[in-house]
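Written out below as structure tokens is the structure these notes cover.
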Amino acid sequence: MKKQSFASLCAREIKEIRTTPPHVLPIYATSSFAFESIDQGMEIFKGNATGHVYSRYGNPTMDTVANKLALLEGFDLPDQPSCILFSSGMSAILTLMLSMLEQGDAIVTQANLYGGTTEQFNKILAKQGIEIIYTDLSNLREVASILNGRSNVRMIYGESPANPTLACIDLVALAKLAQSHNVYTCVDNTFCTPYLQRPLSHGIDFVVHSTTKFLNGHGNSTSGALVGRDARLMQEKIWSVMKLGGTNCNPFDAWLLHNGLKTLTLRMDRHCSNALQLAKFLMNLDAVETVNYPGLEEHPDHELAKSQMSGFGGMLSFELRGGLSQGVEVMRNLKMCTLAPTLGDIDTLVLHPASMSHINIDREVRLQNGITDGLIRVSVGIEDISDLKEDFEQAIASSVTS
Ligand SMILES: *Cc1c(COP(=O)(O)O)cnc(C)c1O
């Protein structure tokens, strides 16, 4: 071929100069992949060969990180589960439900889910003719009676521990019950991460994550993940809906997630020890009525949590005796902790649901879900614990006197 013109040289892709492989996973910022030949392209499109095609379907950065998450969630399993990354935790949940459910099917779930999940079920799934049955998933007799009374339940969906009281579900017992009725189970493992709890090893079928939270850990990306025990089901049902729904992750957010994953164990150890110390400290303050943390012996699910989690996590909530006005006052007085409606970051984040995330929700409905006026939720960070205690102590002390 004759020498390319200047304009063509500018416009064309150029051969990558790479000798030794990179030590750190690269960001493959490419929307498509070039076939080596028409035959290769035909074989991949026919499904006879595997290969990357288009980044909505999959991409080396996303797939590599998904595979790492599958290894972590499936750490105790003989067969590796399968994982797909999504644009967010919400799109992971939506893709799962749209893949697995049809009009007329029902899911059984709990009222105290992540707020966005409840809204998605009520506003999107219900409109597709999917019935949402709310119950207390820790009451297995109640769950059994629902499963016995109905033939349209396809999925049980839970969170353990769950906002706001950090109530836990017996995962082994729930999975057994569901299996005996041929019903799938899914657990949102965002609060725990696979380091502290691996629902698949307790018999659960699907694990969903907002990887935006502890798994990324640094609050600098939004993404989600779904891990499924049955790799074929993941490929045939979930992947195809992800691909056609366009709910995929992207290389940059996957890469940021991977960066966070590397320090997961160090961070979680510190989140856990700081949360336990802060919980004990808050419990001894007169202005505090109750502290919800599964690591406290006083927590109603402490023994259950101990049996299925290897640590109690970084999330806690506590109830101020002074109700709504004291809640607002404490939020105003905190000097170091950040007021932010997320969780799982390096730094301590506080939320007063009654005046923030739930301010537009009917007080009665809010109270029914355990979001009381004086409840404060804390995502305990990895700072020095003495600074954290001091910040809460001064914020609460000055709120009592004002
Ligand atoms: C944040 C969160 C979600 C939603 O995840 P996004 O990444 O914000 O879409 C779902 N479940 C739990 C427990 C969460 O904390």
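The values are calculated or read from the model by the stated rules, or taken from the named source; none is laboratory data. As the structure is a prediction and not an experimental result, all values here were calculated from the model. Cβ placement follows ideal geometry from the backbone for every residue including glycine, while neighbour counts extend to all protein chains displayed. Surface areas here come from the heavy atoms of the whole protein model, side chains and all, with no ligands, DNA or RNA. Shrake-Rupley method; radii C 1.70, N 1.55, O 1.52, S 1.80 Å.
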- Could you run through the range 122-135 and say how many residues are out of contact with any Leu (no Cβ under 8 Å at 6 or more places or on another chain) and surrounded by 14 or more Cβ atoms within 10 Å (Cβ to Cβ)? 4
- Message: With the structure loaded, tell me whether Asp391 is within 16 Å of the ligand (Cβ to nearest atom) and acidic (Asp, Glu) or whether it fails that test.
- Response: no
- Item | Cβ-Cβ under 7 Å pairs, at least 6 apart or on other chains, the range 188-201 side in contact (Cβ under 8 Å) with a residue 12 or more places away in the chain, far side among the small types (Gly, Ala, Ser) and more than 13 Å from the ligand (Cβ to nearest atom) | Leu196/Ser310; Leu196/Gly311; Leu200/Gly74
- Item | Subset of the range 122-171 (residues that are hydroxyl-bearing (Ser, Thr, Tyr) and free of Cβ contacts under 8 Å to residues at least 12 places away in the same chain) | Ser145, Ser151
- Query: Checking Leu171 against (1) open to solvent by 20 Å² or more (accessible area, probe 1.4 Å); (2) more than 12 Å from the ligand (Cβ to nearest atom), which test does it fail?
  - Reply: (1)
- Task: Go through the residues of the range 123-131 one by one and say whether even a single one is away from the ligand (no atom under 16 Å from the Cβ) and either hydrophobic (A, V, I, L, M, F, W, C) or touching a helix residue (DSSP H, G or I) at 6+ places or on another chain (Cβ under 6 Å) (or both).
- Result: yes
- Note on the structure: Of the candidates Lys335, Lys280, the one satisfying the condition of being open to solvent by 40 Å² or more (accessible area, probe 1.4 Å), modelled with pLDDT of 95 or more, assigned to a helix (DSSP H, G or I) and charged (D, E, K, R) is Lys280
- Query: When you go through Gly323, Gly327 one by one, which is the residue that is open to solvent by less than 60 Å² (accessible area, probe 1.4 Å), at positive phi and more than 24 Å from the chain's Cα centre (by Cα)?
  - Reply: Gly323
- Hey, among Leu266, Leu233, Leu285, which residue is open to solvent by 20 Å² or more (accessible area, probe 1.4 Å), among the aliphatic types (A, V, I, L, M) and not in a helix (DSSP H, G or I)? Leu285
